[in-house]
Amino acid sequence: MLPLHHDSTSISSTSFNLLLWPFRRVTRLAALACLLATVGLFWLATPYSESLHHRLRPPPGLGWDLPGSPGSGGVGHVPLSKWDQRKEEVRQAYIHALVGYKQHAFPSDELLAVSGGKSNKFNGWGVTLLDSLDTMWMMGLEEEFAEAVQVVAAQNFTTGSSYAPFFETVIRYLGGLLSAYALSGEPILLSRADDLGTLLLPVFDATPSGFPAYSVNTETGKTAPGWLGPEVILFAEAASCQLEYKYLAKLTGRQEYYVAANHIMDKLYAANVEDGLFAVRWSPQGRPRDDHYSVGAAGDSGYEYLLKQYLQSGDRKALAQYLKSISGILNHLLYITPTRQLLYLASANGPLANPSVTHSQEHLACFLPGLLALGAHLIPPSLLSEAERERHRWAAQGLAWTCYVTYADMRSGLGADGVWMSKGGRRWAEALEEWEAGGRMGKAPGTTEGGVGREKSERDYQVQSGAYLLRPETVESLYVMWKTTREDKWRERGYEIFTAIEKHAKTKYGYASVGRVDDEVAGQIDDMPSFFLAETLKYLYLLFDDAKPERYPFENGRSRHTILVINFVRAHRAVAHRLRTAAQGQFRSIFHGYRWSYGNTIPFDEHKSLFGECSSNRRPILKRRNHIHPLHQKKKISLSFARCPIMESQEP
């Protein structure tokens with residue numbers, strides 16, 4: 001700063017200060033008044049305050065309120081247990097990733113974790129934030145959640161001249177909003193989910209079958225085909241919106257959501273596919289376009305949603321199709337390697353009686369052991385025989401071991417995105433039949449766990465795609481295996497994977513995908529997909545959660561005012577949890593003045609109309625209150641629903 005010029009004729013500094021003191025006092029008082037006024041206006045205009053911090057606090061028992069938790073200052077500083085410590089490590093990893101995203105990439109979609117840049121692959125609506133809302137809530141990140149909800153409140157989901165891919169938008173955004181709403185009860189999350197659900201509806205009118213078009217412009221409603229062209233619709237993309245749209249229909253009473261999603265299922269059921277296996281590619285008319293069968297890319301979540309529609313609402317048709325499809329998968333696509341007896345999922349082309357088999361397994365297929373274990377655990381005896389339940393559990397155990405092995409064998413400890421299996425593999429169904437005919441000597445084929453970390457020549461497979469893309473499927477299955485067996489070996493394996501992620505994927509800004517999992521120097525890819533925060537870290541966190549009582553138990557109950565909601569959606573496979581819906585109950589929102597009123601509810605009866613007493617276009621009613629400060633006019637609203645039936649999980 002340049003020095004001030006002093007003129008010899010000017011009055012002294014002391015005299016000048018004395019002359020100005022009265023004026024300075026007035027100036028100071030005015031400044032103080034302005035400051036207080038500014039703070040007051042800011043407090044009034046801000047939808048989040050310290051008082052809300054406590055009101056928003058998630059339920060206790062998730063571990064962050066333990067006396068010995070970092071920063072808790074609890075009396076005695078009780079040391080964390082091994083699992084609580086590991087859970088806290090995962091929580092810190094999430095915070096590191098979230099902070100890096102917020103500082104360097106928000107409001108863009110994803111962080112480029114190596115360079116600190118950003119990318120917009122999914123509409124530019126901040127997918128990393130919205131996709132992982134439920135993870136924030138589960139981890140007790142209250143302030144972060146509150147800030148994220150404010151971002152959601154300001155979101156209008158416009159695409160400009162671009163098109164939003166329907167499948168990715170549903171599983172990342174709509175699933176993220178609904179999962180977070182189910183956990184927190186925040187009404188603005190449901191309101192925005194309703195807005196987004198409406199904006200995406202034109203995709204269902206774009207084809208003769210009602211199968212969704214690939215993408216939609218949310219401003220004009222125009223649709224566009226994907227990279228495969230207008231005559232191809234992928235099975236997974238058509239059959240992976242039902243959980244979100246049916247749940248949204250229940251919450252809003254808007255039956256067009258339910259009708260659109262369920263119409264797809266009716267078309268799929270009517271196709272009466274051979275042995276329950278759905279072709280990967282379908283026509284806009286709702287017919288199979290090829291005879292390629294896979295539970296990897298383009299097939300995976302279509303099968304997953306079958307079971308979860310049953311768990312969500314007691315849908316018997318979906319359950320029947322799930323059981324038929326799983327039988328087809330176990331009979332036709334499940335193979336066992338010749339030496340290590342590793343169970344794996346192949347893909348098939350051609351007639352199922354004599355198909356051409358591709359003996360490779362994708363990382364994406366590693367969701368299946370968790371799905372099998374979940375179904376075997378929750379489907380009641382009246383709907384699943386003990387023999388079939390046992391078969392499902394064997395397959396889950398063997399596949400989960402193989403998925404873990406493809407991590408543990410690698411030099412980095414991280415799993416390859418795809419592997420080629422050794423020649424000479426045989427169908428598991430044949431091996432199982434021989435084993436049973438021989439008196440069941442030893443363990444069932446494919447369920448024996450051997451050593452890991454083998455040389456390449458001893459692995460019974462070769463790396464096909466050597467990248468680890470921070471995918472969640474394997475740790476999801478490890479989590480479900482632990483929840484359903486209570487065997488700590490699955491937790492230990494999950495922690496091995498987490499330590500490998502910390503070692504090879506962590507960067508200054510976040511976590512990056514790894515390029516070469518079986519090299520001495522793994523290398524990093526400049527990318528941090530949103531599902532790493534939304535799924536991978538969430539499952540690892542829950543895998544190490546020992547809270548008692550369990551916050552998110554696997555259960556299948558039925559109650560007039562309690563809904564079993566399974567948010568195992570493609571990017572939101574959260575654990576089972578219960579949504580409080582007490583009749584006439586009220587929740588306070590983190591927004592001053594928001595209040596959510598539930599109308600009376602009636603049980604769901606699968607023999608009656610799901611929306612018997614609801615308007616076909618029932619949406620939240622927004623009402624401005626009286627006596628509200630002008631700055632709050634747009635924030636203080638009251639939301640209420642009409643009396644609508646509730647979808648319940650049906651106890652057979």
For this session: Quick one: in segment 460-475, of everything that is touching a Leu at 6+ places or on another chain (Cβ under 9 Å) and closer than 22 Å to A396 by Cβ, which residue is surrounded by the most Cβ atoms within 10 Å (Cβ to Cβ)?
Result: V475
Seminar exercise, completed: Filtering segment 234-245 down to residues that are open to solvent by 10 Å² or more (accessible area, probe 1.4 Å) and touching a helix residue (DSSP H, G or I) at 6+ places or on another chain (Cβ under 7 Å) yields E237
Seminar exercise, completed: Taking segment 194-233 and keeping residues open to solvent by 30 Å² or more (accessible area, probe 1.4 Å) and not in a loop (DSSP other than H, G, I, E, B) leaves D195, T198, L199, L201, P202, D205, T223
Exercise. For D409, are the conditions met, namely being surrounded by fewer than 22 Cβ atoms within 10 Å (Cβ to Cβ), acidic (D, E) and under 32 Å from the mean Cα position of the chain (by Cα)?
Worked result: no
Problem set entry | Which listed residue is assigned to a strand (DSSP E or B), of a type in the set (A, V, I, L, M) and within 30 Å of R172 (Cβ to Cβ), from V475, V480, V463 | V463
For this session: Give the residues of segment 478-507 that are closer than 14 Å to G415 by Cα and open to solvent by less than 10 Å² (accessible area, probe 1.4 Å), sorted by residue number.
Result: L478, G494, I497, F498, A500, I501, A505
Problem set entry | In segment 233-252, the residues that are within 15 Å of A297 (Cα to Cα) and among the β-branched types (V, I, T) | I233
Exercise. When the residues of segment 541-556 are filtered to those that are modelled with pLDDT of 75 or more and either among the acidic types (D, E) or in a helix (DSSP H, G or I) (or both), which remaining residue is farthest from A93 (Cα to Cα)?
Worked result: E550
Exercise. Does at least one position in segment 351-362 carry a residue that is open to solvent by less than 30 Å² (accessible area, probe 1.4 Å), touching a residue at least 60 places away in the same chain (Cβ under 8 Å) and touching a His at 6+ places or on another chain (Cβ under 9 Å)?
Worked result: yes
Exercise. Got a sec? Which of G446, G450 is in contact (Cβ under 8 Å) with a residue 12 or more places away in the chain and open to solvent by less than 30 Å² (accessible area, probe 1.4 Å)?
Worked result: G446
Problem set entry | Candidate set: segment 265-292, residues that are part of a helix (DSSP H, G or I) and touching a residue at least 60 places away in the same chain (Cβ under 8 Å); chosen: the one surrounded by the most Cβ atoms within 10 Å (Cβ to Cβ) | E274
For this session: Among the residues of segment 430-448, count how many are outside any helix (DSSP H, G or I) and closer than 19 Å to P369 by Cα.
Result: 6
For this session: Find the residue count for segment 397-429, including only residues that are in a helix (DSSP H, G or I) and farther than 30 Å from I501 by Cα.
Result: 2
Exercise. Would you pick out the residues in segment 508-546 that are open to solvent by 30 Å² or more (accessible area, probe 1.4 Å) and over 25 Å from V480 (Cβ atoms)?
Worked result: K508, Y509, R516, D519, E520, V521, Q524, I525, D526
For this session: Please find, within segment 143-170, the residue that is surrounded by the fewest Cβ atoms within 10 Å (Cβ to Cβ) out of those that are of a type in the set (A, V, I, L, M, F, W, C) and more than 15 Å from L189 (Cα to Cα).
Result: F167
Exercise. Here is a list of conditions, (1) in a loop (DSSP other than H, G, I, E, B); (2) surrounded by fewer than 22 Cβ atoms within 10 Å (Cβ to Cβ), and V295 meets all of them except one; can you say which number that is?
Worked result: (2)
For this session: Just need a number here: residues in segment 77-117 that are part of a loop (DSSP other than H, G, I, E, B), open to solvent by 30 Å² or more (accessible area, probe 1.4 Å) and out of contact with any strand residue (DSSP E or B) (no Cβ under 6 Å at 6 or more places or on another chain).
Result: 8
Exercise. Under the condition of being out of contact with any His (no Cβ under 9 Å at 6 or more places or on another chain) and farther than 19 Å from L111 by Cβ, which residue from segment 500-521 is modelled with the lowest pLDDT?
Worked result: E520
Exercise. Given the structure, is T485 in contact with a Cys (Cβ under 7 Å, 6 or more places away or on another chain) and within 23 Å of Q361 (Cβ to Cβ)?
Worked result: no
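The values are calculated or read from the model by the stated rules, or taken from the named source; none is laboratory data. Quick caveat: nothing in here was measured; it's all calculated off a predicted structure. Cβ sites come from the backbone with ideal geometry, for glycine too, and all protein chains shown count toward neighbours. Please note that ligands, DNA and RNA were not included when accessible areas were found on the heavy atoms of the full protein model with its side chains. Shrake-Rupley method; radii C 1.70, N 1.55, O 1.52, S 1.80 Å.
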